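In what follows, a single structure is set out as structure tokens and then discussed.
The values are calculated or read from the model by the stated rules, or taken from the named source; none is laboratory data. Since the model is a prediction, treat every value here as computed from it, not as a measurement. All Cβ positions, glycine included, derive from the backbone under ideal geometry; neighbour counts span all protein chains shown. Note: areas computed on protein heavy atoms with side chains; ligands, DNA, RNA excluded. Shrake-Rupley method; radii C 1.70, N 1.55, O 1.52, S 1.80 Å.
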Amino acid sequence: MTPPARLCARRCIVMLPPSRLSRLKRWSCAAFAERSTLCAALATECCCRSWRSCFPLCTPAPLLQPLPLRRQWRPPLRVAQLVPLLALLPALLLQLLVSTRCEAVLVLPRAHVPAENAKFYVFRDDIILFPISFSIPKERILSHIPEKTAFALNDSQRSFTYKNYQFGPLQEEDYHRNMQRHRFCDTRKKGGHDCLRHYEILANGCVPVLFGLEHFPQSIMTTLPRPLLWRARELFDMPWANTEGGPGEPPDAAGPRAYEELAQSLLDYTAKHLSTEATARYLLDTLNIPVEGSKVLFLPCMAIDPFPSYLASSVFHGLHSLLGDNVVDFPEYQYAYQLSDSAEEEHVKGNLWGQGYTLGFKLPRRPYLNRANISQRIRNREFDLVIFARMSPYEPCNFGYPFGEAGAAVPQFFEDVYGHFPRERVALLYGDDSGLDDAVIRTHVARMGALHRGIGFVFMRELLPFPGEGPPNEALRPVDEALLQPGCFRSEWLSFFSQWHGEDEGPTGLQDCVRWGACASPEVDLWLGSQLRAAQTPPSDRPALKQFCRTGFALKAALLVRRLGSAAACAGDEACSADCEFFMDAYSRHLIMLPSGPFFAEFGITPAEVLFVLSQGCRGGAVALQPATREDARGIAIVSQGSLPCSLSGFGNGGGRCGPYAGEFQLQYLVRQGFLLLLVSGTGGGREPSAHIERLRPRISAATLQLLGSGRVQFASLPPAAAVEIIVSGSAPAECGWYLEAAAQLHYVHFELGEESPAVIAALGCLRTTPQPPRFVSLQLPLSQAASELAAAAAESLVAVGYTRFKVTRLALGGPEDGVGGAATAIGSGSGCWLGAPIADLVGSAGAGAEWKTAVQAFGSGLWAGGQLHAALR
């Protein structure tokens, strides 16, 4: 089978209807698709005939050459009719007559994730891999640096090449003391990159010299302190004196205490991060299993064998330290327990790889522990977590248990866990020296650890990068858990993200709805009516909730809130209310703390914009978001030629439209955020609130009228037209009284530029009358392209005042723009005026996220007609 056909097989085989599934052995086909002609035909049919059940869709192609497709293609009808007949043909004829090219529509993550930010890795589309490493019992970690009598210990290669140990089975303490007396101890990759010797050296207060560190992938040994290890290499390479018969004398360039400080830093790090308790706690935290009150079933595969698993023994030792008798091992893990006498110890250890040093035979036996009826206890859900400690297909014990009617490489109790135990409560440890570069490991991991058909989450020691054999999703990809959680790689969420990102690089209908409020889109209605949306509800089980796609849920909730248009409409919708309750209680605080750059690169929107929409639609703007609330100056001025605030029916701005910042919903939001508002209009009325309130009463809501009389909203008037030229020249500061009286308090000023707004343009000149203008300024740009000269003049005025950072957004008067000079959409349901828009640092620039630009960068491609220009001081 070709690589593209294998891709289809993996993704589609488990989605076939039961009637088709009965024609093949599900497990053998899913795991060994490469060998099955029948699988190829059925997967091809699934690919080409099931539109949303399988993401790759197919098109006939003469050759199987890679062609990156960004759209989903439906095949011609004649091909779809012929595909079922091809199930009867051999694989060669299938490939020659209907060679099928299947490309993944979406590969997550879309943006590059630095390896140091990766919390887990994804392989193919739905195989989640968590890195894990060896560790060492805390009892073996020294508290201080021991006395040094020798310079360097160089014996790591010999002990691996030959099983001819320098120390015998009963000389473990001599082995550790030998390390302790040396300043430096060499170590290197052996069977795998991760080696127990690395941790033994660190625990014994010897500084490791790790050869080949520059070639070690970032995805393995993630717990080791690589910067300190690099420093150790540099220190070792310096010209030490008198190293032949003693510990040596440090070079002057290193400093008198450079070695001691480095050695102590390594020892402190080891005690904090490299103990078996730390490894066990990492595993429990990753799966959201609390330490207190939890019961764990540990399945070591075998009681003892000549080649013990150091990863299994590390995890078990740590679990025993944390949970005590609440960790049940079956069969009894004899490798971990103390032996009865020295004769037995010498006999048993002498026949083991590593002689049981460091991790073996350390714990007291527990003959009283109940290890009976494990199968039934699993089905009864007695345990909070099940750990298959030796899952690799190269573990000999994994070949001894049947599955179904035929023998298969499955671990004991597989059938009890599969179908009876939540996969989020099952850990699969792959601790041998083989990684994803091994085809057998890839097949086994796909079978046991895939989200759609596996039994648990994979923790892999030798998590080697694998570049893949075909489409981009074949590669091992690092994932930042703050942006994408493991659940985001389930089919229902992959479908959502595929629609969210769309076919092109620009925003889709779903993005436009959340970012700009333009929700009158068939894409939005199609998704809101899909069955997949119902499958995206948060689970109640804590471990499952930890893996739930929280960022996808935030985008989904924001989409629903925007589509409904107001907090009142959301409160009346059962799905919207449920989404709001979960998000605001469980995730809102985390979202606002996310860095804007990576979030925007991944989703095309900033976290502040998402949280702004949800704050408005879910809590009526009561959630504090704006950075201005943390400033001493908490005043905001909104300046318009027409009446303020304008309502949704189109009052204000002299031309029947208003931007989001001048609308009454934005006014309500800003007051709830704690700002003092100054509304400056060209309609007269002076500073007396009552005159303005009476004039606005028929046009705005009762909630807005109540805020206007609360004392947190003040009014002022723009100067008459005769004074405009005087203000522009800067010679009449008296005409800027509205600004001068409030300047000390103003943090942000917004100007509404209509088709003809001479008084507003003049008001811009008032910013030059004080030595410290407001930190943030924004301009609502005119609608028509003919007014672009007016917008350019206003932008030049801001540069002259001293504003150096800019953003150009598409937060238009009534919705998003199609481009520079495009006409704004009409104000209506789902438009930009309904929920307003973020301000200051929280606003997102079109195409650049939260990033501020220079004037040249911001204005180089023109200004959005009807959009907004934002400016900030240095």
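With the crude spin-label approximation of a point 7 Å out along Cα→Cβ, what separation in nm comes out for Arg687 versus Asp237?
Rounded to a tenth, the inter-label distance reads 7.1 nm.
To the nearest 10 Å², what's Ser133's accessible area with a 1.4 Å probe?
Accessible area of Ser133: about 10 Å².
Cα to Cα, under 25 Å, and not fewer than 8 places away if on the same chain: which lysines meet these conditions relative to Lys138?
Lys119, Lys148, Lys189, Lys190, Lys272, Lys295, Lys349, Lys362
What residues from region 294-330 fall in the zone where the backbone N is under 17 Å from a label point 7 Å along the Cα-to-C-beta line of Glu139?
313-325, by backbone N distance to the label point.
For Arg687, Arg124, Arg188, what's the largest-to-smallest order of accessible area, 1.4 Å probe?
Reading off the accessible areas and sorting them downward yields Arg687, Arg188, Arg124.
Post the alpha-carbon centroid distance, region 273-324 to region 552-582, in whole angstrom.
41 Å
Could you calculate the FRET efficiency of Lys272 with Ser710 from 1/(1 + (r/R0)^6), where r is the beta carbon distance between them and R0 is 41 Å, rounded to 0.05?
Efficiency computed from Cβ-Cβ geometry: 0.20.
Just how much of Leu436 is accessible, in Å², when a 1.4 Å probe is used and the result is rounded to the nearest 10?
0 Å²
Could you give the spread of the C-alpha atoms of region 149-304 along their three principal axes, from largest to smallest, in whole angstroms?
55, 35, 29 Å, listed from the longest principal axis down.
How would His193, His215, His870 line up by accessible area, probe 1.4 Å, largest first?
His215, His193, His870
Taking all protein chains as present, what is the carbon and sulfur share of the accessible area of region 424-463, in % to the nearest whole number, probe 1.4 Å?
43 percent
Starting from the 7 Å offset along Cα-to-Cβ, what nm value, one decimal, do you get for the label separation of Ser784 and Trp852?
Result for the modelled spin labels: 3.5 nm.
Over region 514-603, give the accessible area per residue in Å² for a 1.4 Å probe, as an integer.
Here the per-residue accessible area is 42 Å².
Using the eigenvalues of the Cα gyration tensor, what equivalent ellipsoid semi-axes result for region 424-571 when each is taken as the square root of five times the eigenvalue, whole Å, largest first?
Equivalent-ellipsoid dimensions as semi-axes: 35, 18, 12 Å.
Can you give the extra length, in nm with one decimal, that the chain gains between Asp573 and Glu173 once fully stretched, where that is 0.36 nm per residue apart less the Cα-Cα distance?
Gain on stretching Asp573 to Glu173: 137.1 nm.
Could you pull the accessible area for Val440 with a 1.4 Å probe, rounded to 10 Å²?
We get 70 Å² for Val440.
Which order do peptides 759-767, 197-205, 412-420 fall in by mean Cβ count within 10 Å, highest first?
The most tightly packed comes first, giving 197-205, 759-767, 412-420.
Lys807: which lysines have alpha carbons under 24 Å from its alpha carbon, excluding same-chain residues fewer than 8 sequence positions away?
Lys853
Using a 1.4 angstrom probe on the protein heavy atoms only, could you order Glu481, Glu462, Glu796 from most to least accessible area?
Ranking Glu481, Glu462, Glu796 by accessible area, largest first, yields Glu796, Glu481, Glu462.
Can you list the HN-Hα couplings for region 350-364, worked out from phi with the Karplus curve (6.51, -1.76, 1.60; θ = phi - 60°), rounded to whole Hz and with x for Gly and Pro?
Coupling constants for region 350-364: x, 9, 10, 5, x, 6, x, 4, 6, 10, x, 6, 10, 9, x Hz.
For Arg371 and Thr537 in one chain, what is 0.36 nm times their gap in residues minus the Cα-Cα distance, to one decimal in nm?
Gain on stretching Arg371 to Thr537: 56.0 nm.
Once you put a point 7 Å from the Cα of Ala343 and another 7 Å from the Cα of His590, both along the Cβ direction, what distance in nm separates them?
Those two pseudo-labels are separated by 5.8 nm.
Quote the Stokes-Einstein diffusion coefficient, in whole µm² s⁻¹, for region 183-235, based on the Kirkwood radius over alpha carbon pairs, a temperature of 4 °C and a viscosity of 1.567 mPa s.
Rounded to a whole number, D works out at 116 µm²/s.
Mind jotting down a quarter of the surface of the convex hull over the alpha carbons of region 278-407, in square nanometres, one decimal?
So the mean shadow area of the Cα hull is 9.0 nm².
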